[in-house]
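See structure below.
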Amino acid sequence: MNIIKDNKLDMEALKDALKRPEIWKQSTSKFWDDEYISLQMLNSHLDPEIEAASRTREQIEAETNFIINYTDMNGNKRVVDLGCGPGLYAREFAKTGARITGIDYSERSINYAFEHVKSTYKNTDFINMNYLDLDYNESFDIATLIFYDFCVLSTKDQNRLLANIHRALKSNGIFIFDVVTENRKTSEATSILVFDKGGFWSPEPYIEILKTSIYEEAEGMQYTIIAEDGTTRVIRLYHRLFGLEAITSLLNDNHFEVERIYKNLQGEPLGEDSETFGIIAKKA
Ligand SMILES: C[S@@+](CC[C@H](N)C(=O)[O-])C[C@H]1O[C@@H](n2cnc3c(N)ncnc32)[C@H](O)[C@@H]1O
């Protein structure tokens, strides 16, 4: 895609960058597994102070402690961490002796996890694949999906993932994940930024047009990235925002029972104004 057509600006493409896209409209280029972006993501995962690609090291410690205690994670358990990134949670889980499988479709993150986690913890394994294609049968006691990844999926993909997780879990197995709630709604906005020395999306100069849109049950961020030669990429990220009823019925429809819902995966109690849910769901 190019914003310059026959030596002129393509006004329709510019208008598209500024208007609210149809919900769940696909990106025109890669995100997690793009060569350059995945390097930015990995650096962000590994920065212990920043809550961007992963949470801060302090939060990760509080969450892994909570999950390990809640599930009584030990050497007899098998855990699958979906969207494991560079293995920050997997490393903590592995210290219990449990057998951990981390799955992520960022090759760069999986390579990092192999080098820095599997090298020390032989009870871990890391697989570079799309977790929507998860294909195990009654293999795991615990499945985790952490940092609101569930919300970025369309309802169709959420159902597909839940069906695959259900099949992959042993009887009474549990699925632990977090979502953002309706309380977190931001507002519609447009911003245009110039990165003349490159930035998160590209090492070369570019313009970023960010259109934030609000839908009935979701928020969406559309990034239109325009390079100096007019080459244009559009990356769209959505978050479905859940209420208690919606997440409970989605889980029940997929044969899970809600065991507990907390404010977060540190086990803090839920309040009416919680912007996030940390959810423990049991295979029914
Ligand atoms: C926000 S990061 C969170 C990483 C990790 N859970 C953490 O909190 O440190 C999301 C991760 O999910 C991975 N991911 C996103 N969609 C995926 C998919 N469909 N299949 C496999 N991995 C996916 C990304 O590559 C990225 O590493």
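Brief remarks on what is shown
- Per DSSP, loop GluC sites (Glu not before Pro) in the range 38-132 with at most 16 further Cβ within 10 Å: 49, 51
- In the range 105-139, the trypsin sites (Lys or Arg not before Pro) that fall in loop regions by DSSP, at most 14 other Cβ within 10 Å: 122
- Measuring r between the beta carbons of residue 43 and residue 171 and using R0 = 35 Å, the FRET efficiency lands at 0.30.
- Total lysine pairs in the range 12-153 at Cα distances under 15 Å, for residues eight or more apart or on different chains: 4.
- Contact order normalised by residue count of the range 147-265, Cα under 8 Å, 6+ apart, percent: 25 percent
- Paramagnetic reach from residue 22 in the range 192-220 [backbone N under 12 Å; point 7 Å along Cα→Cβ]: none
- Added length on full extension, which subtracts the Cα-Cα distance from 0.36 nm per residue, residue 159 to residue 12: 49.4 nm
- Dipole in debye (nearest 20) - the range 131-274, about Cα centre, beta carbon charges: Lys, Arg +1; Asp, Glu -1: 120 debye
- Computed with the Debye formula from one identical point scatterer per Cα of the range 28-92, without solvent, the log10 of I(q)/I(0) at q = 0.25 Å⁻¹ comes to -1.09.
- Amide N proximity, the range 205-235 versus residue 2 label position 7 Å along Cα-to-Cβ, cut-off under 19 Å: 205-207, 225-234
- For the chain, the spread of Cα positions along the three principal axes, ordered from largest to smallest, is 65, 43, 33 Å.
- Label-point separation, residue 129 to residue 188 (7 Å along Cα→Cβ), nm: 4.2 nm
Computed from the coordinates by the stated procedures, all read-outs in this text should not be read as laboratory data. Quick caveat: nothing in here was measured; it's all calculated off a predicted structure. Heads up, the Cβs are rebuilt from the backbone with ideal geometry, glycines too, and the neighbour counts pull from every protein chain shown.
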